[in-house]
Amino acid sequence: MDYQLLINEVYHEVQSLQLEGKVANYIPELANLDIRKFGISLVTAKGEVYTIGDADEKFSLQSISKAFTLAMVFASEGEALWKRLGVEPSGNPFNSLAQLEYENGIPRNPFINAGALVITDIIRSKTAKPIDDILRFINKLVNSDTIKINQTIAISEIKNSSRNTALAHFMKSFGNINSPIDELIETYCNQCAIEMTCTELAQAFLLFANYGQNRFNGDQLLTRSQTKRINALMQTCGFYDEAGEFAYTVGLPGKSGVGGGIAAILPGEFSVVVWSPGLNPKGNSAKGMKALELLTTKLGHSVF
Ligand code: DON
């Protein structure tokens, strides 16, 4: 398969559709993103890199960071993790409070904000420098030490975090959060503000395409079974109340973020990242969703 030709075709076809979407504005700094940006990187399991468009520009991971924090915690805690959160799709928006009340402060899954806050709380309970540990984990996946936090975006979210703060307080009232809330929110917002390019993120996501192995140093960070489970969760919960749509149209495990990125993998074959900051009403990149639909359709291959 000529992957360069494939992503070129996808890129130009999506551009011709003039899908715009809207930048996220509940984090004020994200409202400044240029809606015209659009990049794609595809990295094969062996590490061959194919790019087009703005694939070498940094953008903040936002909820895509939740895949890495889940990997860290699943590797250290194993199945014991699931005492504090579930593995079911929520069918609700990513920042919804509704289910938490009647499900006693146990979030449905690790990708909605409530679940991701529990995961970050667990990381905080294991280390004095949680953000350093998260950055080290991601940097190792790209064989680098240059992956950092965009401080302006982190501060912008910290100052506008009423919803996440409410989720955290509510879970704490059920005994499912241990950290002081302001510290937890600070760690979480910093984690979401980690910046990578499409190519760096696709390289890091090879962890999930390569059955839990870091391609650069051969370290087996997750077992094959754990990797299968994280991929299953990305498939069923990675796009919140649009997870069904993503499975139906794209058919790959993936994770989106309100910075406009979507990372997805085909196990054993490749990882692919699309970035375009215009979001659809569910908070997922409008061009990103279409690009990945075209990619698997033209390829004739997906996990289904
Ligand atoms: O917590 C938030 O609201 C953001 N930092 C991340 C949300 C997000 O990316 C949702 N995904 N599409």
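The values are calculated or read from the model by the stated rules, or taken from the named source; none is laboratory data. Bear in mind the structure is a predicted one, so any value in this text is a computation, not a measurement. Positions of Cβ are backbone-derived with ideal geometry, glycine not excepted, and every protein chain shown enters the neighbour counts. To get the accessible areas, we keep the full protein, side chains included, count just its heavy atoms, and leave off ligands, DNA and RNA. Shrake-Rupley method; radii C 1.70, N 1.55, O 1.52, S 1.80 Å.
Less than 5 angstrom separates the built amide H of residue 211 from those of 268, all sequence-distant by 5 or more or on a different chain.
With respect to the chain, whose longest principal axis is taken over its alpha-carbon atoms, helix 162-173 is tilted by about 50°. Using a probe of 1.4 angstrom and keeping all protein chains present, the accessible surface of region 180-304 works out to 30 square angstrom per residue.
Ordering 179, 161, 63 by the projection of their Cα atoms onto the charge dipole of the chain, which places +1 on the Cβ of Lys and Arg and -1 on the Cβ of Asp and Glu, puts 179 at the extreme positive end.
For the chain, the longest principal axis of the C-alpha atoms and the axis of helix 224-237 are separated by about 90°. Surface composition of the chain: carbon and sulfur atoms hold 49% of the protein heavy-atom accessible area at a 1.4 Å probe. Relative to the longest principal axis of the Cα atoms of the chain, the long axis of helix 198-209 makes an angle of roughly 70 degrees. Quarter the surface of the alpha carbon convex hull of region 219-293 and you get the mean projected area, 5.0 square nanometres. Solvent-accessible surface of region 1-153, taken per residue with a 1.4 Å probe and all protein chains present: 46 Å². When 72, 171 are compared by accessible area at a 1.4 angstrom probe, the order from most to least is 72, 171. Other residues lying with their Cβ under 13 Å from the Cβ of residue 10 contribute a combined charge of -1, Lys and Arg counting +1, Asp and Glu -1.
Calculation over all alpha carbon pairs of the chain in 10 angstrom steps from 0 returns a P(r) of 7, 31, 39, 20, 3, 0 percent.
Computed on the chain, with alpha-carbon pairs under 8 angstrom and 6+ residues apart, the relative contact order is 28 percent.
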